[in-house]
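The structure under discussion appears below in the form of structure tokens.
The values are calculated or read from the model by the stated rules, or taken from the named source; none is laboratory data. Treat the numbers as computed from the prediction; the structure is a model and nothing was measured. Because the Cβ atoms are built from the backbone with ideal geometry, glycine has one as well, and the counts that use them run over all protein chains shown.
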Amino acid sequence: MNILDIIAKKRDKKELTKEEIEFFVKGYTDGSITDYQASALVMAIYINGMNEREITDLTLSMAYSGDVLDLSSIGEVVDKHSTGGVGDKITLILMPIVASLGIPVAKMSGRGLGFTGGTVDKLESIPGYNTNVPVDEFIQNVKKIGISLIGQTLNLAPADKKLYALRDTISCTESIPLIASSIMSKKIASGANKIVIDVTCGSGAFMKDVESAKELARVMTKIGELAHKETKCVITDMNEPVGYAVGNTLEVIEAIDILKGKYLPKDIKHIITELGANMLVLANKAGNLEEGKAKILENLQNGKGYEKFVELVQNQGGDISFIENTDKFAKAKYIIPIIAEKSGNIVKLDALNVGKLSVYLGAGRMKKEDDIQKEVGFIFHKKVGDKVEKGDVLGYIHSNDEEKAKQVLKSQIYEIM
């Protein structure tokens with residue numbers, strides 16, 4: 001068996017065997033297969049696709065290319081994953097609520113890259129919070145308080161890391177077999193028994209249209225079935241940012257305010273109840289989705305989700321005085337209002353544009369080694385469908401650079417008709 005024959009086979013639209021896929025994944029991980037050879041095969045997959053069996057074999061090969069976390073001592077773990085977006089602080093809100101309902105939450109999250117935010121960056125906005133926890137301690141934390149949220153401390157799915165970076169450099173990111181296998185390999189390596197996936201759809205997501213999102217969801221659900229990991233996918237809107245805050249500290253504050261019961265944006269209510277209900281049904285903690293939604297809202301409203309969040313932060317070294325009083329968080333040097341230039345209805349608050357502007361302000365990174373400014377970003381007061389008058393404050397830009405804030409202000413953040 002050699003890589004040239006495998007490349008030629010997929011080039012000619014033929015089906016790869018399990019052994020050929022494993023040969024490629026192992027060879028690319030250990031360096032015996034070069035980047036240019038891998039590029040040729042990835043491009044052939046991008047153009048000619050893969051069937052469900054091939055995608056599952058690719059997923060499992062990548063999942064077992066490095067460490068695989070064993071969470072069997074914790075019990076039935078239901079993991080949640082989002083395909084990414086702008087203003088996505090759902091993990092910070094939903095997972096403490098889920099843990100407060102008796103489902104073990106053992107979640108490894110990533111950092112933000114490009115215009116999509118990362119849960120680890122948000123958690124590290126809380127002074128003292130330790131995301132770099134050894135695996136044994138991670139598991140003990142879950143046994144002790146029912147929840148632990150950390151960064152990816154293990155060498156999980158190293159083949160995926162290499163392929164993910166390669167796809168980005170050769171314009172092969174938007175391929176359903178490659179996206180599905182990337183997401184599912186990490187989830188399987190993370191040790192969850194069952195998986196709920198938030199498939200974001202819209203301008204600020206990988207999947208720009210509903211049909212593509214449905215196909216990705218179908219493929220990931222099938223991979224889960226073939227890999228004996230029960231998987232549910234929920235398609236959510238990512239045409240505008242999630243909630244009202246975008247930026248690491250700003251999103252943490254919004255999550256805390258929601259857990260405290262201060263307010264609950266419509267889109268966040270929809271997402272946490274849909275995802276949460278599916279998690280409860282998979283964990284046999286709810287008989288159906290409606291019962292699951294009611295339980296999620298109950299433990300949000302009665303403060304049990306907030307109490308679990310405080311417990312999580314305290315258990316991982318975070319200063320809970322910042323949770324109790326969010327005014328203590330560091331603020332950006334310049335907070336500049338976005339003013340409506342005319343009256344009308346807001347018809348667009350483009351998630352992709354907001355995400356790119358956030359990166360420009362310093363809230364995101366274009367390379368993994370880039371530093372970020374935790375306190376910068378946006379707070380929006382108005383969203384799509386809201387009626388506004390000329391002169392109304394639509395939101396605020398939070399920036400440490402006045403000139404950058406002025407440049408952002410010149411861009412069309414809102415579209416009013």
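Cβ-Cβ distance below 6 Å, separation of 6 or more or different chains: which pairs start in the stretch 312-325 with a residue that is small (Gly, Ala, Ser) and end on one that is part of a helix (DSSP H, G or I)?
none
Could you tell me whether the stretch 242-255 includes any residue that is under 19 Å from Ile197 (Cβ atoms), in contact with a strand residue (DSSP E or B) (Cβ under 9 Å, 6 or more places away or on another chain) and in contact (Cβ under 8 Å) with a residue 12 or more places away in the chain?
Within the stretch 242-255, one or more residues are under 19 Å from Ile197 (Cβ atoms), in contact with a strand residue (DSSP E or B) (Cβ under 9 Å, 6 or more places away or on another chain) and in contact (Cβ under 8 Å) with a residue 12 or more places away in the chain.
Test Leu250 against the stated conditions and say whether it is surrounded by fewer than 20 Cβ atoms within 10 Å (Cβ to Cβ), farther than 17 Å from Lys80 by Cα and not charged (D, E, K, R).
Here the answer is no, as Leu250 does not meet what is asked.
Identify, by number, the condition in (1) under 15 Å from Gly87 (Cβ atoms); (2) surrounded by 17 or more Cβ atoms within 10 Å (Cβ to Cβ); (3) in contact with a Phe, Trp or Tyr (Cβ under 8 Å, 6 or more places away or on another chain) that His381 doesn't meet.
The failed condition is (2).
Give the stretch 120-142 a look and list any residue that's of a type outside the set (Phe, Trp, Tyr), part of a helix (DSSP H, G or I) and touching a residue at least 24 places away in the same chain (Cβ under 8 Å), or say none.
Val120, Asp121, Lys122, Leu123, Val135, Ile139, Asn141, Val142
Residues that are among the hydroxyl-bearing types (Ser, Thr, Tyr) and either within 30 Å of Ala205 (Cβ to Cβ) or not assigned by TED's automatic domain parsing to the domain that holds Asp350 (or both): which helices (runs of 4 or more DSSP H) entirely in the stretch 1-107 hold 3 or more of them?
Helices (runs of 4 or more DSSP H) meeting the threshold: 35-48, 52-63.
Do any strands (runs of 3 or more DSSP E) lying entirely in the stretch 304-417 carry at least 1 residues that are in contact with a helix residue (DSSP H, G or I) (Cβ under 8 Å, 6 or more places away or on another chain), and which ones are they?
Filter on the stretch 304-417 gives 334-339, 377-380, 393-399.
If you check Ser148, Ser125, which single one turns out to be of a type in the set (S, T, N, Q), closer than 25 Å to Asn284 by Cα and touching a helix residue (DSSP H, G or I) at 6+ places or on another chain (Cβ under 6 Å)?
Ser148
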